[in-house]
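Notes for the one structure printed next.
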Amino acid sequence: MSLKEDLQHKIDFKTKPLGALGQLEKLALKIGLAQNTLTPELKNPYLIVFAGDHGIAKEGVSAYPPEVTYQMVLNFLNNGAAINIFCKQNNINLSIVDAGVNGDFDGNKNLIHHKIAKGTKSFSSDKAMSNEDLEQCFEYSRSLVNDIAKQGTNIIGFGEMGIGNTSSASMIVNALTDISLEECVGRGTGLDNEGVTKKLEILTRARDFHGNISDPKEVLLTFGGYEVAQITGAMLAAFEKNILLMIDGFIASAAFLVAYKINPEIKNNAIFCHQSQEVGHRLLLDYFEEKALLDLDLRLGEGTGCALAYPLIEAAVNFLNDMASFESAGVSNK
């Protein structure tokens, strides 16, 4: 039998009705196939939060002012954010990356200093970044993932912080799928109906300004943020090392979309952790033909969905490895 058949047989003959563990069974199969083993394991889990500012944020696409990106990074460094709490709860290592925040952190040793610039240009009238910027993002990401992999890590979650980045994600998803901009644009950090209408108008003008772009890297440098680009690069680098990828909400999934367009095989290692309250995220999950582990009306980012879903990923591996089979337990099978 093939590994897939062996894994499915092992799952099916645990002491339970066929399929009774639902999504956990599919997850166990995916992890076993990704690690090419009947006895997968999770080692030294990591979560990386990438932070960056967006030029488009100055044009009123968010309910929060751009300086919140800088303030929230300080909050991460002081262990005061939701992601700090959830990572501590679940024993997940946490790293914070300054990919392009509009502010200085004075050599803070708890921060990874991978700043490209103090925020991207506004994609309403320019490309967000240059080719050189994008390549530097990918180089930084590769070095970071290599360092983490040396610690034995085989599962990484990806989070983000950046005021305006739901706008960036909406543009990326619209450019690389058949999901309309109207369907992509949501409330972000909490816009009212008038705010959503204004946001859609701004983004529609930006799309018309740039015209149709289909090359994934060109889409990323046109509409992405430095944090989005570094997530994409980190996902690709992690997949090269056969690390499992925990995918967070709408923005992280948009970054994953670019990585998927560059290398479709990456989906084999991707675990979609939660379905965001952003309407575009549900449609993007449908595009990937994937179902998220959690649906908790989250729209925080930071990788919170990854940290919350991690115990379920552990459960999928543990039942596969440790749960008795009908034969070993002496339980009658139907």
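Label positions at Glu67 and Asn44, each projected 7 Å from the Cα along the C-beta direction, are separated by 4.0 nm. Close amide H pairs (under 5 Å, H built 1.01 Å from N) link Ile243 with no residue at least 5 positions away or on another chain. In this structure, the amide hydrogen of Arg187, modeled 1.01 Å from its nitrogen in the peptide plane, lies closer than 5 angstrom to those of Val279, counting only residues at least 5 positions away or on a different chain. Placing R0 at 45 angstrom, the Cβ-Cβ distance between Lys241 and Glu327 gives a FRET efficiency of 0.80 after rounding to 0.05.
To the nearest 0.05, what FRET efficiency results for Asn78 and Thr204 with a Förster distance of 45 Å applied to their C-beta separation? That gives a FRET efficiency of 0.70.
Rounded to the nearest 10 degrees, the angle from helix 304-322 to the longest Cα principal axis of the chain is 20 degrees. Toward the positive end of the charge dipole of the chain, with +1 on the Cβ of Lys and Arg and -1 on the Cβ of Asp and Glu, the farthest Cα among Ala292, Phe13, Leu134 is that of Phe13. Here the dipole of the chain is about 540 debye; that uses its Cα centre as origin and unit charges on the Cβ of Lys and Arg (positive) and Asp and Glu (negative). Placing pseudo-labels 7 Å out from each Cα toward the beta carbon at Glu314 and Gln151 gives an inter-label distance of 1.7 nm. Centroid-to-centroid, using Cα positions, segment 189-254 and segment 304-334 are 35 Å apart. With contributions of -39500 (n - 2.57) from each DSSP H run of at least four residues, the per-residue ellipticity at 222 nm computed over the chain stands at -15000 deg cm²/dmol.
Assuming a ≥ b ≥ c are the square roots of the Cα gyration tensor eigenvalues, decide whether segment 169-323 counts as rounded (a/c under 1.5), prolate (otherwise, with a/b larger than b/c) or oblate. Oblate, because a/c is 1.5 or more while a/b does not exceed b/c. For the pair Ala20 and Asp104 in one chain, pulling the backbone fully straight at 0.36 nm per residue adds 25.1 nm over the alpha carbon distance. In this structure, the amide hydrogen of Glu160, modeled 1.01 Å from its nitrogen in the peptide plane, lies closer than 5 angstrom to those of Phe50, Glu302, Gly303, counting only residues at least 5 positions away or on a different chain.
Modelled label positions at Thr37 and His113, each set 7 Å beyond Cα in the direction of Cβ, lie 3.8 nm from each other. A simple rule links phi to the HN-Hα coupling: the Karplus curve 6.51 cos²θ - 1.76 cosθ + 1.60 with θ = phi - 60°, which for segment 163-178 gives 4, x, 7, 6, 5, 4, 5, 4, 5, 5, 5, 4, 6, 9, 9, 9 Hz, with x for Gly and Pro.
Length gained on full extension, Asp192 to Glu139, computed as 0.36 nm times the residue gap minus the Cα-Cα distance: 15.2 nm.
Each other residue within a Cβ distance under 12 Å of Ala234 adds +1 if Lys or Arg and -1 if Asp or Glu, for a net charge of -3. Which of the listed residues, Thr120, Ile251, Met323, is farthest toward the dipole's positive end in the chain, when Lys, Arg count +1 and Asp, Glu count -1 at the beta-carbon? Final value for the positive-end residue is Met323.
Taking θ as phi - 60° and the Karplus parameters 6.51, -1.76 and 1.60, the scalar couplings of segment 263-276 work out to 9, x, 4, 4, 5, 4, 9, 8, 10, 8, 7, 8, 9, 5 Hz in sequence order, x denoting glycine and proline. Subtracting the Cα-Cα distance of Leu3 and Lys88 from 0.36 nm times their residue separation leaves 27.1 nm of extension gain. Using the Karplus relation 6.51 cos²θ - 1.76 cosθ + 1.60 with θ = phi - 60°, the per-residue 3J(HN,Hα) values for segment 202-208 come to 4, 6, 5, 4, 5, 4, 5 Hz, with x marking Gly and Pro.
Rounded to the nearest 10 degrees, the inclination of helix 68-77 to the longest alpha-carbon principal axis of the chain is 40 degrees.
Among 88-101, 60-73, sorting by the average number of other beta carbon atoms lying within 10 angstrom of each residue, highest first, gives 88-101, 60-73.
Laboratory data are not the source of any read-out in this text; all were calculated from the coordinates shown. Since we're looking at a predicted model, the values are computed, not measured. Don't worry about glycine lacking a Cβ; one is built from the backbone with ideal geometry, like all the others, and counts go over all protein chains shown.
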